[in-house]
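Enquirer: Submitted below is the structure of interest, expressed as structure tokens.
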Amino acid sequence: MGEIAALGAAFVWALSSTIWQRVGQQIPAVVLNLLKGAIALFMLLATVLILGKPLPAINPNILAMLLISGGLGIGIGDTAFFIVLKYLGARRTLLLETLSPPLTALLGLIFLQEKLSAIACTGILLTICGVAWVIAERTAETTLSSKHLWQGLGISLLGQTTHAVGAILSRAAFTQIDIDPLWTAALRLSGGLAVMLCFLKPTNLDSFKQLKSSKILAAIILAAFLGTYLGISLQQTSLKYSPAAIAQTLSSTSPLFILPLAVLAGEKVSLRAVLGVVGAIGGIALLLGLK
């Protein structure tokens, strides 16, 4: 169940990424992240109320872990992602995202004692290499200045580290309490929104005027539903039922789902990209326990 949920998160993130890339050119990263988080939090709270799922009694330490997890992974990590998109472009940004699974595996081993089998390690390696092979095909599409390159790399490394730490904290909470992933998603978003409010500048407030455009507002709501409401809920489900490294690896396969969308849009897919997908599918099959 955890592995399937992680792949589901990757799929909805692939759908939403095409929307974020367009909207992100018009609205600052911190404002965009704040908007999607607030919209998704409202949707999550409405969902748990409708389904009648009360928040269980939570130890203050576990509550702190979930809030900090959201502050790091969503507040800092997602904001960093939007900034790097502007500096390096979508493909380079997604390529750097492949650093998150190995970081998560290392932290999981150190802090959670999650030892992966040789088959699981092979599956993670194949999946990451396949995804990286697909993305790297077009990373030379534009020339970058040295300043933007190093700024993008530094911010991306910060983002991947906070994503990995956030995943480990969520996984640690799930190992100590039986809580619905919808609630952990809501708590993480609350922590993320608190951090994002700290980053908000008075000059960013002018960006909210663009919400008067019904097209931009509709795009943000749709992307928040797909990428944040569904995406984070599925990610939390994967972290509840799977080791952190496996969940993080499978949820990082969004580029594989972007390829069919590119084909539908009329783009040509090279043999190299197809081979990368095949390799990644082999890794995913190992992680799913298929023979």
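Enquirer: Check whether at least one residue in segment 44-53 is part of a loop (DSSP other than H, G, I, E, B), more than 29 Å from Ile135 (Cα to Cα) and of a type outside the set (Phe, Trp, Tyr), and report yes or no.
Expert: Here is the first cut: in segment 44-53, the ones part of a loop (DSSP other than H, G, I, E, B) are 52-53.
Next, from what is left, pick out any that are more than 29 Å from Ile135 (Cα to Cα): 52-53.
Within this subset, residues satisfying the condition of being of a type outside the set (Phe, Trp, Tyr) are 52-53.
Yes, some residue in segment 44-53 is part of a loop (DSSP other than H, G, I, E, B), more than 29 Å from Ile135 (Cα to Cα) and of a type outside the set (Phe, Trp, Tyr).
Enquirer: Sticking with this structure for a sec: Determine the pairs where a residue that is free of Cβ contacts under 8 Å to residues at least 24 places away in the same chain, located within segment 4-19, has a partner that is among the aromatic types (Phe, Trp, Tyr) with Cβ atoms under 6 Å apart, the partner being 6 or more residues away or on another chain.
Expert: Listed by first residue and then by second, the contacts come to nothing, as the list is empty.
Enquirer: Confirm whether Val274 is free of Cβ contacts under 8 Å to residues at least 12 places away in the same chain and more than 20 Å from the chain's Cα centre (by Cα).
Expert: Judged against the criteria, Val274 is a match.
Enquirer: Further, regarding this structure: Taking into account only those residues within segment 59-73 that are among the small types (Gly, Ala, Ser) and open to solvent by less than 10 Å² (accessible area, probe 1.4 Å), which is farthest from Lys240 (Cα to Cα)?
Expert: This residue is Gly71.
Enquirer: Filter segment 6-19 for residues that are surrounded by fewer than 23 Cβ atoms within 10 Å (Cβ to Cβ) and not polar (S, T, N, Q); which is farthest from the chain's Cα centre (by Cα)?
Expert: Ile19
Enquirer: Could you figure out which of (1) more than 17 Å from the chain's Cα centre (by Cα); (2) modelled with pLDDT under 95; (3) open to solvent by 20 Å² or more (accessible area, probe 1.4 Å); (4) within 30 Å of Leu107 (Cα to Cα) isn't true of Leu226?
Expert: The failed condition is (1).
Enquirer: With (1) hydroxyl-bearing (Ser, Thr, Tyr); (2) over 20 Å from the mean Cα position of the chain (by Cα); (3) modelled with pLDDT of 95 or more as the list, and Thr162 as the residue in question, which single condition is left unmet?
Expert: For Thr162, the exception is condition (2).
Enquirer: Moving on. State all residues of segment 199-221 that are surrounded by fewer than 12 Cβ atoms within 10 Å (Cβ to Cβ) and either among the basic types (Lys, Arg) or in contact (Cβ under 8 Å) with a residue 24 or more places away in the chain (or both); if no residue qualifies, say none.
Expert: Lys201, Lys209, Lys212, Lys215
Enquirer: Report the residue count in segment 20-58 for those that are open to solvent by 30 Å² or more (accessible area, probe 1.4 Å), touching a residue at least 60 places away in the same chain (Cβ under 8 Å) and of a type outside the set (A, V, I, L, M, F, W, C).
Expert: The total comes to 7.
Enquirer: Out of the residues in segment 94-108 meeting the condition of being under 16 Å from Gly73 (Cβ atoms) and polar (S, T, N, Q), tell me which one is nearest to the chain's Cα centre (by Cα).
Expert: Ser100
Enquirer: Residues Ile39, Ile83: which one is in contact with a Phe, Trp or Tyr (Cβ under 9 Å, 6 or more places away or on another chain) and of a type outside the set (Phe, Trp, Tyr)? Give the steps one after another, and end with the answer.
Expert: Working: Ile83 fails: in contact with a Phe, Trp or Tyr (Cβ under 9 Å, 6 or more places away or on another chain).
Residue meeting the stated conditions: Ile39.
Enquirer: Next question, about the same structure. Within segment 169-188, is even one residue under 18 Å from Val48 (Cα atoms), among the hydroxyl-bearing types (Ser, Thr, Tyr) and modelled with pLDDT of 95 or more?
Expert: The answer is yes; a qualifying residue exists.
The values are calculated or read from the model by the stated rules, or taken from the named source; none is laboratory data. Computed from a predicted structure; not experimentally measured. Backbone-built Cβ (ideal geometry, glycine too); neighbour counts: all protein chains shown. For accessibility, only protein heavy atoms count, side chains too; no ligands or nucleic acids. Shrake-Rupley method; radii C 1.70, N 1.55, O 1.52, S 1.80 Å.
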